[in-house]
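Here is the structure we will look at.
The values are calculated or read from the model by the stated rules, or taken from the named source; none is laboratory data. Here the structure is a predicted model, which is why all the values come from computation and not from measurement. Counting neighbours? That spans all protein chains shown, and the Cβs are built from the backbone with ideal geometry, glycine included. Note: areas computed on protein heavy atoms with side chains; ligands, DNA, RNA excluded. Shrake-Rupley method; radii C 1.70, N 1.55, O 1.52, S 1.80 Å.
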Amino acid sequence: MLVMPIIRNRVRELRDRRGWTQQELADEVGVSRQSINSIECDRYVPGLELALTFARVFRTSTDDIFRLERGK
């Protein structure tokens, strides 16, 4: 049986540390507040360009924000 990997993220944690609302983060990275909500709830995995933008905004590596987990 093939196990599909799952991508988890720390976007909410990093946003909360800065005291930003979802809208403030959305404005920083150039997406909608709804997109931020979907990313934080693991319903949407951002593409490479957006992942790199998060890394720039949070001043950390993409590996520090996103991690690959083994699926069920």
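A few notes on this one:
- Considering (1) open to solvent by less than 40 Å² (accessible area, probe 1.4 Å); (2) part of a helix (DSSP H, G or I), the lone condition that Glu28 does not fulfil carries the number (1).
- Among the residues of the stretch 31-57, the one identified as without any contact (Cβ under 8 Å) to a residue 12 or more places away in the chain, more than 11 Å from the chain's Cα centre (by Cα) and not in a helix (DSSP H, G or I) is Ser32.
- Qualifying positions in the stretch 9-20 - open to solvent by less than 70 Å² (accessible area, probe 1.4 Å) and of a type outside the set (A, V, I, L, M): Asn9, Arg10, Arg15, Gly19, Trp20
- Checking each residue in the stretch 63-72 for being acidic (Asp, Glu) and either open to solvent by less than 50 Å² (accessible area, probe 1.4 Å) or part of a helix (DSSP H, G or I) (or both) picks out Asp63, Asp64.
- Among (1) assigned to a loop (DSSP other than H, G, I, E, B); (2) at pLDDT below 95; (3) open to solvent by less than 80 Å² (accessible area, probe 1.4 Å) - the single one Thr60 does not satisfy: (2)
- Test: Arg33 is in contact with a Leu (Cβ under 9 Å, 6 or more places away or on another chain) and crowded, with 17+ Cβ neighbours inside 10 Å: no
- Tabulated pairs, the stretch 1-16, first within 16 Å of Ile65 (Cα to Cα) and among the acidic types (Asp, Glu), second in a loop (DSSP other than H, G, I, E, B) and open to solvent by less than 90 Å² (accessible area, probe 1.4 Å), C-beta under 7 angstrom, 6+ apart or interchain: none
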